[in-house]
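A.B. asks: Provided herewith is a single structure, encoded as C-alpha cells, for subsequent inquiry.
The values are calculated or read from the model by the stated rules, or taken from the named source; none is laboratory data. Model, not experiment: these values are computed from the prediction. Here the Cβ is made from the backbone with ideal geometry for all residues, glycine too, and neighbour counts use every protein chain on show. Heads up: the accessible areas ignore ligands, DNA and RNA and are worked out on the full protein's heavy atoms, side chains in. Shrake-Rupley method; radii C 1.70, N 1.55, O 1.52, S 1.80 Å.
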Amino acid sequence: MTPARIDLSRLLTPQSIAIIGASSNNTSISGQPLRLMLDVGYPGKLFPVNPRRDEVQGIKAYPDAQSIPEPCDVALVAVSAAQVPQALRDCGKAKIPFAVVLAGGFEEIGEPGMAMHRELKAAIKESGVRVVGPNCIGVANIATRAFCAFGGALYDKSLEPGPVAVVSQSGGVGLSMLAHAHARGVDSRYIVSCGNEADLNFFDFCHTLLGQDDVKLIMAYLESSTEGVKLRELGQRALAVGKPIILLKVGNSGAGRRAAGSHTGKLTADYTLFKSAFREGGFIEAQDLNELADVAKLVLGGRYPKGRNIGVLTGSGGWGVMAAEAYERNGLHLPLPSVETAEKLKAVVADYGSRGNPIDTTPVYGKQHTVLEIIVEEPNWDMLHVRSAGGPVLKEWLPKFLDIAQRTEKPIIVGWAPSPGLDLDIKHELEKNGIYCPSFAADAGRALGLFTDFAMKRQKLLTQNDSGAPRPVEKQALDFAGGTGALAEHVSKQCLARYGIPVTREVLLPLDAILSLEQSPVSFPVAVKLASADIPHKTEADAVRLNVKTLAELKAAAQAVTAGGKKFAPDAHIDGISVQEMASGVELIVGAVNDPHFGPYVMVGLGGVLTEVLHDVSHRFAPVTAATARDMLAELKGAKILDGYRGAPPVDIDAIANVLVRLSWLISDHREQIAEIDINPLFAQAKHNAGQGVVAADALVMLRADNNQS
C-alpha cells in the first residue's frame, strides 16, 4: 500500500516566511536565516517577528505572528525552547500551516527536556501547525533561495539547484552532504534537517520528495528508526518510481542482539534487518561522503546497465588489472569478448598488448577510439570502463570519445588519467555529459557495484510478473488457546506439518509406557527427548539421547532424559517422552521471527559453527518466493556444501527453498500470535532421494507475550 502523503509544497517552496524571534545579530542562529535570504536574494516576502524592535536587519518587524498583515506559508521559529510552544500557538492563530523549530533543549537532552517535549507536542496538536524539528538546522530550497535554515554551507553563493534532495537526521551531516556533493559536481535543490521529528519525520519528507518532478534522487542520513515497516514501504516506493535513496546509515555497531528464546532470534542484530530492508528496496547504502557523491553521479548519468558484465579498456596493463580486481570485488564480472569482437581486435591491438578483458592497447591513444568503436557493440558487456588519455593529446581525445559514448545506451566510466587538479575543464565536460570520472579503481569498483545492484533490482521489478507467486498452502487454523511462551517440540512440529513442512516421525509416550514396551514404536535407531514446553532447549537440560539402537537403550534413555529434565527444572510440566526417527543429511538452521519494528522475516544458515560462530546467515522479509529462497541459500558463505563438496552429492535445494517459502507464510499468517519459530536442525538430503529432500528434526515455536488469537 502507498502511504498517505502530506502536501508539503508550501513548506518546500514558500512564498512568504515569518521569522519568529528574528535577531539583528546576523551571526546568531536567530539572525542567520534572515541575513542569508537577504544576501542571496530570496524573492518572496519576509516578516521578522520581534516584540522589542520596530525593524530587524532593515526590515519592518511585528510584535507577534497574528500582527503580520498577510498569510505566511512558513514560520521559522528561532526562539528558546521555553518560548516555542507559545510561538506555535500564535502561528496557529495566524493560520500559518508550517513551522521550522530550530531550538534544542527537548527530548534529546534526556529527562530534563521531557517536560518541554510534552508541552511542545501539546502545542502542535492544539495549534494544528505541522512542525519540522525541533533541534534542527531547518529547510532550504536552493532554487528559490528560501533558506528557513542556518549553517555555513548555505553561505556558498556558488550553490546551484540540481536534481538532488538531501534529507538528514543530523543537520551538520546534511550540510556536509550538500557541500561535499556540490564540490564534486552534484547539486541539490532541497535540504531538510529532520531534528527530533516531533511531528514531520524522515519518511514524510522522503515520500514527498520522491513525488517531485524536480528530484531524481535523494541523499539521506539515517541514524536510527523504529519504523522498520515504514522504511520498507519507502524503499519499495523508491524502487517503483526509479529514484534511488543513497544513504549513510550510522549507529550500527554495538547494537545489542535481541533477547530471544530461540536460536533464530539470537542470530539477528538490529542492523541486519536494516540491511535486509536496504537490499529489497530502492536504497543504495554508501559508506562515506565520497562514495555517496560517486554513486549519485552514476545515477544522474541516466544510463543503467542491463547486467553485471563490464569490459575494461586501458593503455596501461597495471591500471587494467587494478580496475578488474576492483570490479570483481564488488560483484561485477569481466567475461572475455565474443569471437567476432576478438577477431576485429586482432587488426587493431598489437600482439604485445592484450585483446582479452581488460584490453590493453598500450600507450597508443590514437588506437583507443577505434577499439572503443568495436567494443561498444560487444554483446557480452553491459558497461565499459575506459582509461582516459593524458597530457597534450587529451583535448583531441575528448570530442572523439564523447561522439562514441553518445551513440550507446551502455554506461561508460572514464578512469581519469591526468594528475589531480590538471585538465579539470575536460573532466567537467565529461561529467556534464553524464560520464563518471573516478581517479582510483577502488572508488570506481565500489560505486559501480552499488549502482549496478540498484539497476538489477529495478530491472527485476520492471520485468517480473505482477501477479506474483501463488501461496503454496492456504492459511491454516492453529489453536494456541491464548497461551504465551514456548510450545513443546511435538506441538511445534504439528504447526510446521500443517504448513506442509516435513518433520520426523515420532511417538509421544509416558515414561511407564516406555518401560513396559516389548518393541520400539519407531524403527531403530531413534532419538529420545523429554517433551516439555517448560524446557525449550533440551540439550542444556541433558534431556536428549541420540542414535539409540536397542530396546534396552531406549528404556535407559527415557529414564535418563526424565531425570535430566527434573534436575534442570524441577517444576516443569512433562508431557511425556518423544521417541523419534533419527534423521541425517547436511545440517541447517531455519527460522522465522516477527520483529516488532520490521515485521516477520525468515532466515537460514548452515548448522554448527558456520551459523553459531561465523554467523553465516541470510535473511529476507516474509513472505518469500521460491526464487528469493534460492537467492538466500546462494549467498551463504558455505553454499558450496549444499552443491556437493569433496565428492558428496548435492542436496535438494528446491526442497530447502520450499521449507523457507512455507515457513514464511506460516509466520506471516500468524504474526499476531507467534514471536519466533526455530527449526534446528533441518536436515537436507541428496536430490536423488525422491520425497526425502528435507526433514525437520527439532522445532520450537515461541508465542508472543501479547498473543491475540485472530
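A.B. asks: Among (1) among the hydroxyl-bearing types (Ser, Thr, Tyr); (2) open to solvent by 30 Å² or more (accessible area, probe 1.4 Å); (3) assigned to a helix (DSSP H, G or I), which single condition is Tyr327 missing?
C.D. replies: Here Tyr327 meets the rest and fails (2).
A.B. asks: Please work out which residue is modelled with the lowest pLDDT, limiting yourself to the range 470-494 and to residues that are surrounded by 14 or more Cβ atoms within 10 Å (Cβ to Cβ) and under 15 Å from Asp669 (Cα atoms). Walk me through it before giving the result.
C.D. replies: Looking only at the range 470-494, we keep the residues that are surrounded by 14 or more Cβ atoms within 10 Å (Cβ to Cβ), and these are 472-473, 476, 478, 480, 483, 485-494.
Those left that are additionally under 15 Å from Asp669 (Cα atoms): 472-473, 476, 478, 480.
Numbers: Pro472: 94, Val473: 95, Gln476: 96, Leu478: 93, Phe480: 84.
Top of the filtered list is Phe480.
A.B. asks: For the range 181-209, give me each residue that is more than 20 Å from Asp288 (Cα to Cα), of a type in the set (D, E, K, R) and in a loop (DSSP other than H, G, I, E, B).
C.D. replies: Result: Glu197, Asp199.
A.B. asks: Based on what the data block shows, is Tyr155 surrounded by fewer than 19 Cβ atoms within 10 Å (Cβ to Cβ) and touching a residue at least 24 places away in the same chain (Cβ under 8 Å)? Steps first, answer last, please.
C.D. replies: Details: surrounded by fewer than 19 Cβ atoms within 10 Å (Cβ to Cβ): yes; touching a residue at least 24 places away in the same chain (Cβ under 8 Å): yes.
So Tyr155 passes the test.
A.B. asks: Let me ask something additional. With Ala563, Ala497 as the choices, which residue is surrounded by fewer than 19 Cβ atoms within 10 Å (Cβ to Cβ), farther than 30 Å from Asn658 by Cβ and out of contact with any Phe, Trp or Tyr (no Cβ under 9 Å at 6 or more places or on another chain)? Even if it seems obvious, please write down each step before you answer.
C.D. replies: Details: Ala497 fails: farther than 30 Å from Asn658 by Cβ.
From the options Ala563, Ala497, the qualifying one is Ala563.
A.B. asks: Hey, Asp698 hits all of (1) among the acidic types (Asp, Glu); (2) within 27 Å of Val579 (Cβ to Cβ); (3) modelled with pLDDT under 90 but one; which does it fall short on?
C.D. replies: Asp698 satisfies all of (1) among the acidic types (Asp, Glu); (2) within 27 Å of Val579 (Cβ to Cβ); (3) modelled with pLDDT under 90 except (3).
A.B. asks: Pick out the one residue from Pro51, Pro33 that is surrounded by fewer than 21 Cβ atoms within 10 Å (Cβ to Cβ), in contact (Cβ under 8 Å) with a residue 12 or more places away in the chain and on the phi < 0 side of the Ramachandran plot. Spell out the reasoning first.
C.D. replies: Numbers: Pro33 fails: surrounded by fewer than 21 Cβ atoms within 10 Å (Cβ to Cβ).
Selected residue: Pro51, the only one of Pro51, Pro33 that is surrounded by fewer than 21 Cβ atoms within 10 Å (Cβ to Cβ), in contact (Cβ under 8 Å) with a residue 12 or more places away in the chain and on the phi < 0 side of the Ramachandran plot.
A.B. asks: Mind checking which residues of the range 456-469 are open to solvent by 80 Å² or more (accessible area, probe 1.4 Å) and of a type outside the set (Ser, Thr, Tyr)?
C.D. replies: Filtering the range 456-469 for residues open to solvent by 80 Å² or more (accessible area, probe 1.4 Å) gives 460, 462-467.
The answer is Lys460, Leu462, Gln464, Asn465, Asp466.
Residue-wise test of (1) of a type in the set (D, E, K, R); (2) touching a residue at least 40 places away in the same chain (Cβ under 8 Å); (3) at negative phi.
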| site | (1), (2), (3) |
| --- | --- |
| Thr362 | no, yes, no |
| His369 | no, no, yes |
| Pro379 | no, yes, yes |
| Asp382 | yes, yes, yes |
| Val386 | no, yes, yes |
| Val393 | no, no, yes |
| Glu396 | yes, no, yes |
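A.B. asks: Continuing with the same structure: Of the conditions (1) at pLDDT 95 or above; (2) farther than 23 Å from Ala18 by Cα, Ala140 fails just one. Which one is it?
C.D. replies: Status for Ala140: all satisfied but (2).
A.B. asks: Quick one: which of Ser158, Ser176 is outside any helix (DSSP H, G or I) and among the polar types (S, T, N, Q)?
C.D. replies: Details: Ser176 fails: outside any helix (DSSP H, G or I).
So the residue among Ser158, Ser176 that is outside any helix (DSSP H, G or I) and among the polar types (S, T, N, Q) is Ser158.
A.B. asks: Which numbered condition in (1) over 30 Å from Asp39 (Cα atoms); (2) touching a strand residue (DSSP E or B) at 6+ places or on another chain (Cβ under 6 Å); (3) hydrophobic (A, V, I, L, M, F, W, C) is the only one that Ala123 fails?
C.D. replies: So the condition that Ala123 fails would be (2).
A.B. asks: Output yes when any residue across the range 537-553 is of a type in the set (Lys, Arg), open to solvent by 40 Å² or more (accessible area, probe 1.4 Å) and part of a strand (DSSP E or B), and no when none is. Please lay out each step first, then the result.
C.D. replies: If we filter the range 537-553 for residues that are of a type in the set (Lys, Arg), which is where we start, we get 538, 545, 549.
This time we only want the ones that are open to solvent by 40 Å² or more (accessible area, probe 1.4 Å), so: 545, 549.
Still in the list and also part of a strand (DSSP E or B): 545.
Yes, the conditions are met somewhere in the range 537-553.
A.B. asks: A further question on this structure: When Ile109 is evaluated against the numbered criteria (1) at pLDDT below 95; (2) under 30 Å from Gln212 (Cα atoms); (3) surrounded by 13 or more Cβ atoms within 10 Å (Cβ to Cβ), which criterion, by number, is the only one it fails?
C.D. replies: Going through the list (1) at pLDDT below 95; (2) under 30 Å from Gln212 (Cα atoms); (3) surrounded by 13 or more Cβ atoms within 10 Å (Cβ to Cβ), Ile109 breaks only (2).
A.B. asks: Now a separate question. Would you confirm, using the coordinates I've provided, whether Val349 is in contact (Cβ under 8 Å) with a residue 12 or more places away in the chain and open to solvent by less than 20 Å² (accessible area, probe 1.4 Å)? Walk me through it before giving the result.
C.D. replies: Working: in contact (Cβ under 8 Å) with a residue 12 or more places away in the chain: yes; open to solvent by less than 20 Å² (accessible area, probe 1.4 Å): yes.
For Val349, the condition - in contact (Cβ under 8 Å) with a residue 12 or more places away in the chain and open to solvent by less than 20 Å² (accessible area, probe 1.4 Å) - is met.
A.B. asks: Moving on to the next point. Looking at the range 121-136, can you tell me whether even one residue there is among the β-branched types (Val, Ile, Thr), farther than 25 Å from Lys95 by Cβ, in contact (Cβ under 8 Å) with a residue 24 or more places away in the chain and open to solvent by less than 10 Å² (accessible area, probe 1.4 Å)?
C.D. replies: Of all residues in the range 121-136, those among the β-branched types (Val, Ile, Thr) come to 124, 129, 131-132.
Now restrict to residues that are farther than 25 Å from Lys95 by Cβ: none.
No: the range 121-136 contains no residue that is among the β-branched types (Val, Ile, Thr), farther than 25 Å from Lys95 by Cβ, in contact (Cβ under 8 Å) with a residue 24 or more places away in the chain and open to solvent by less than 10 Å² (accessible area, probe 1.4 Å).
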